[in-house]
Amino acid sequence: MTDSQPAWPVPLRPELRSERPYGAPQLDVPILLNVNENPYQPSADVVSDIAAAVAAAATTLNRYPDRDFLALRADLAGYLRAESGVDLAAQNMWAANGSNEVMAHIFGAFGGPGRTALSFAPTYSMYAEYARDSHTDWMVGQRDGSFAIDPAVAARTITDVQPSIILLTSPNNPTGTALEPEVLRAVLAAAAKVRVDDAPAVVVVDEAYAEFRREGVPSALELLGDYPNLIVTRTMSKAFAAAGLRLGYAAADPRVVDCLQIVRLPYHLSAITQAAARAALRHQSELLSKVADLRAERDALVSWLRGRRLDGKPLTVADSDANFVYFGLFPDRHAVWQGLLDRGVLIREVGPDGWLRVSVGTPAETEAFKQALIEVAGI
Ligand SMILES: *Cc1c(COP(=O)(O)O)cnc(C)c1O
């Protein structure tokens with residue numbers, strides 16, 4: 001024992017000492033429009049089917065679960081085949097406890113010391129944390145004024161940075177912007193020419209909100225057959241109305257899936273999760289049945305916000321292919337966020353200054369949001 005007290009009682013990595021756990025505030029208020037959940041609860045039928053599936057799984061809880069969860073992977077492939085018309089099999093699929101854990105597997109396999117991950121800001125703030133946690137360098141290029149990515153800028157940045165992981169979010173969070181197909185093609189072409197340990201970069205398209213995309217907007221799934229270095233991630237947390245389930249997944253070339261398996265924890269998907277996810281997937285048409293309503297509600301909310309004025313100028317509202325709307329510009333966005341919260345409406349203060357993000361809720365929730373915003377912002 002020395003007589004000098006150490007500054008830290010435990011050896012937390014120095015670069016983590018000023019860090020805080022990620023997460024939007026979880027506050028107990030009546031109107032929750034801050035984390036892009038589907039506002040509709042599962043029906044009694046769906047609940048009882050999930051409960052029965054979990055009860056059946058519970059009879060074998062003394063055993064470890066199926067480590068490769070091929071039945072669930074086949075179900076997920078079947079869902080994507082129906083949703084996007086793309087030919088996928090169980091071997092193309094990977095899953096984990098939320099697509100956030102899938103992302104951690106991607107960084108575990110393809111990132112690491114001396115390597116760089118690249119994305120285009122403003123975008124999902126969790127990506128920087130996967131990079132930090134996997135000791136991967138983190139770089140961001142910039143989106144343009146309408147939050148689109150310029151294909152030439154993207155290609156040049158990729159050539160300069162030589163990343164091993166390129167992350168594109170479509171629709172993007174927090175802006176709602178869908179990726180233009182020519183941007184994805186330019187990124188894939190530039191990624192193919194990257195050389196990291198003698199390999200091209202992987203391109204990850206995070207399609208957490210894909211089911212909400214507008215008519216005619218393609219999914220990156222359509223390009224999977226042409227690009228072995230393309231990974232498309234999805235989740236049951238948003239359109240699928242199952243955020244509490246914690247089930248995210250990826251579609252990719254089977255050789256990519258083999259790489260992700262190397263870094264997963266053993267038995268990471270519990271028997272309970274597998275059973276509940278499979279039961280939920282059996283009810284996919286019902287669980288997704290509100291997506292059309294939410295898209296219509298979103299489009300109406302965008303129009304409504306575009307019709308409001310702040311100090312004589314119309315509000316700026318980003319086009320949205322997701323179940324949320326990004327709008328501004330407020331000279332003091334925190335005051336607007338706080339004023340809404342004081343009226344029981346929780347939204348999200350995120351991304352560039354002046355902007356706020358609101359999730360699309362039920363018609364009654366949207367109405368409460370509008371009334372509160374009129375009062376608070378004087379729009
Ligand atoms: C919500 C969200 C996810 C989903 O995360 P889960 O871990 O599957 O709940 C992934 N990516 C983005 C951009 C999101 O906004």
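The values are calculated or read from the model by the stated rules, or taken from the named source; none is laboratory data. Worth saying up front: this structure is predicted, and the values here are computed from it rather than measured. Heads up, the Cβs are rebuilt from the backbone with ideal geometry, glycines too, and the neighbour counts pull from every protein chain shown. Quick note on the areas: whole protein, heavy atoms, side chains included, nothing else; ligands and nucleic acids left out. Shrake-Rupley method; radii C 1.70, N 1.55, O 1.52, S 1.80 Å.
Consider the range 225-255 and keep the residues that are open to solvent by 10 Å² or more (accessible area, probe 1.4 Å) and aliphatic (A, V, I, L, M). The one that is nearest to the ligand (Cβ to nearest atom) is 243. Residue-level check: of (1) more than 16 Å from the ligand (Cβ to nearest atom); (2) surrounded by fewer than 23 Cβ atoms within 10 Å (Cβ to Cβ); (3) under 28 Å from residue 162 (Cβ atoms); (4) among the hydrophobic types (A, V, I, L, M, F, W, C), residue 272 misses just (3).
Taken over the range 154-176, the criterion of being within 15 Å of the ligand (Cβ to nearest atom) and either under 13 Å from the mean Cα position of the chain (by Cα) or surrounded by fewer than 24 Cβ atoms within 10 Å (Cβ to Cβ) (or both) is satisfied by 167, 168, 169, 170, 171, 172, 173, 174, 175, 176.
Of all residues in the range 322-329, at least one satisfies being open to solvent by 10 Å² or more (accessible area, probe 1.4 Å) and more than 30 Å from residue 54 (Cβ to Cβ). Consider residue 279 carefully, then state whether it is more than 30 Å from residue 194 (Cβ to Cβ), within 16 Å of the ligand (Cβ to nearest atom) and not polar (S, T, N, Q). For residue 279, the condition - more than 30 Å from residue 194 (Cβ to Cβ), within 16 Å of the ligand (Cβ to nearest atom) and not polar (S, T, N, Q) - is not met. What are the residues in the range 121-142 that are open to solvent by 30 Å² or more (accessible area, probe 1.4 Å) and within 15 Å of the ligand (Cβ to nearest atom), if any? Within the range 121-142, 124, 125, 128, 129, 133, 140 qualify. Number of residues in the range 192-218 that are among the small types (Gly, Ala, Ser), crowded, with 24+ Cβ neighbours inside 10 Å and not in a loop (DSSP other than H, G, I, E, B): the value is 1. Screening the range 239-358 for helices (runs of 4 or more DSSP H) wholly inside it with 1 or more residues that are within 22 Å of residue 130 (Cα to Cα) and assigned by TED's automatic domain parsing to the domain that holds residue 177 returns the ranges 254-263. Listed conditions (1) within 16 Å of residue 242 (Cβ to Cβ); (2) open to solvent by 50 Å² or more (accessible area, probe 1.4 Å); (3) not β-branched (Val, Ile, Thr) are all met by residue 14, apart from (1). Within the range 105-120, restricting attention to residues that are more than 13 Å from the ligand (Cβ to nearest atom) and small (Gly, Ala, Ser), the residue that is farthest from residue 268 (Cα to Cα) is 114.
Exactly one residue out of 279, 368, 292 is open to solvent by 20 Å² or more (accessible area, probe 1.4 Å) and more than 22 Å from the chain's Cα centre (by Cα), and it is 368.
One line per residue, one yes/no per condition, for (1) in contact (Cβ under 8 Å) with a residue 40 or more places away in the chain; (2) buried (at least 17 other Cβ atoms within 10 Å of the Cβ); (3) in the same structural domain as residue 266 (by TED's automatic domain parsing); (4) within 16 Å of the ligand (Cβ to nearest atom):
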site: 50; (1), (2), (3), (4): yes, yes, yes, no
site: 58; (1), (2), (3), (4): yes, no, yes, no
site: 62; (1), (2), (3), (4): no, no, yes, no
site: 67; (1), (2), (3), (4): yes, no, yes, no
site: 76; (1), (2), (3), (4): yes, yes, yes, yes
site: 81; (1), (2), (3), (4): no, no, yes, no
site: 89; (1), (2), (3), (4): no, no, yes, no
site: 100; (1), (2), (3), (4): yes, yes, yes, yes
